[in-house]
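Since the structure comes first, as structure tokens, the remarks are kept for the end.
The values are calculated or read from the model by the stated rules, or taken from the named source; none is laboratory data. Values in this document were obtained by computation on a predicted structure and should not be read as measured data. Here the Cβ is made from the backbone with ideal geometry for all residues, glycine too, and neighbour counts use every protein chain on show.
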Amino acid sequence: MVAVQAGSARSWAIELLQVALAVAGLWVACSALDIALYQRLTDGHASASRTPLACVISPPLPQRVRSGRLEAPSVAPVASAVSHRSGELAAALARVQAEQGAAASGVRLEDVFYVDAATVASFIGAELVRQAPGAPARLIAPTGIVEFTPLSPIVRRNYQPVTLPQPPRELNGRLHLPVRGLDAVLPVSTAWSAAKSAWTLSSGDRRLEVAAPEDLFEIVIDRSDRTLEVSYSGRQLVRWACCTGEGNNSPIGDWRVRNKAVWPPWR
């Protein structure tokens, strides 16, 4: 009986060792496949005849093992070098902004749109007077004095209290004012354009567009034409070739740039 139990224990240990060796072999094979795929995609970068059309975003192998299965590395479209020009996107953006005017940079926070108080002061010809971060700030305009206090919806216009829909905020050390409701305390009118995803501030015959940067840029991947298109404020900036991936499974569709880099869903 003792001999049988010892033999069973040795057999169980040998089987466990074989399973461990098989798992280790699979691990090494997957790592080698990962490296080979990366080299295949990057080897063409130095070749003039083949343009790199995609890059592999592959986290460490342990992070890709979920629920006992191996997740494939995700393929992200990148700009091709078909035109062989550096700064093509930046040059196109500068050209479009020169033609239609650059929009002032706004900030969307918790569904509230803000604009820099210094930008507003310059637009209406007012003087912005600030003492210290968090302290009340004054806009001395031709129509009077308006005092804003960060995080307080109560604004004093010529020393009379006016309540705004949302309070001003300090963002990155600069005072920002909510666009909605500015016409109640400043000599401006405001209008929202859903087509442009931007606010327009008007004062006399002057106009100022205010938009969040993530609303101005748009990326479209066309799987049929195998192209990646970048647009700004509705104007096409560049159109590049892109790789559709093995099995024609690249992410496609129409989506906007957000504050965080998030790839659209695969479909």
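General observations
- Tally, over the stretch 171-219, of residues that are closer than 19 Å to Leu128 by Cβ, surrounded by fewer than 18 Cβ atoms within 10 Å (Cβ to Cβ) and of a type in the set (A, V, I, L, M, F, W, C): 2
- Taking first residues from the stretch 119-135 that are assigned by TED's automatic domain parsing to the domain that holds Gly173 and partners that are assigned to a helix (DSSP H, G or I), the Cβ contacts under 7 Å between residues at least 6 apart in sequence or on separate chains come to Glu127/Ala121; Leu128/Ala117; Leu128/Ala118; Leu128/Ala121.
- Within the stretch 105-146, the set of residues being under 17 Å from Ala211 (Cβ atoms) and outside any helix (DSSP H, G or I) comprises Ser105, Gly106, Val107, Arg108, Leu109, Asp111, Val112, Phe113, Tyr114, Val115, Asp116.
- Considering the stretch 180-203, and only residues there that are hydroxyl-bearing (Ser, Thr, Tyr) and outside any loop (DSSP other than H, G, I, E, B), the residue that is nearest to Asp215 (Cα to Cα) turns out to be Ser193.
- If you go through the stretch 120-134 and keep only what is under 32 Å from the mean Cα position of the chain (by Cα) and surrounded by fewer than 19 Cβ atoms within 10 Å (Cβ to Cβ), you end up with Ser122, Leu128, Arg130, Ala132, Pro133, Gly134.
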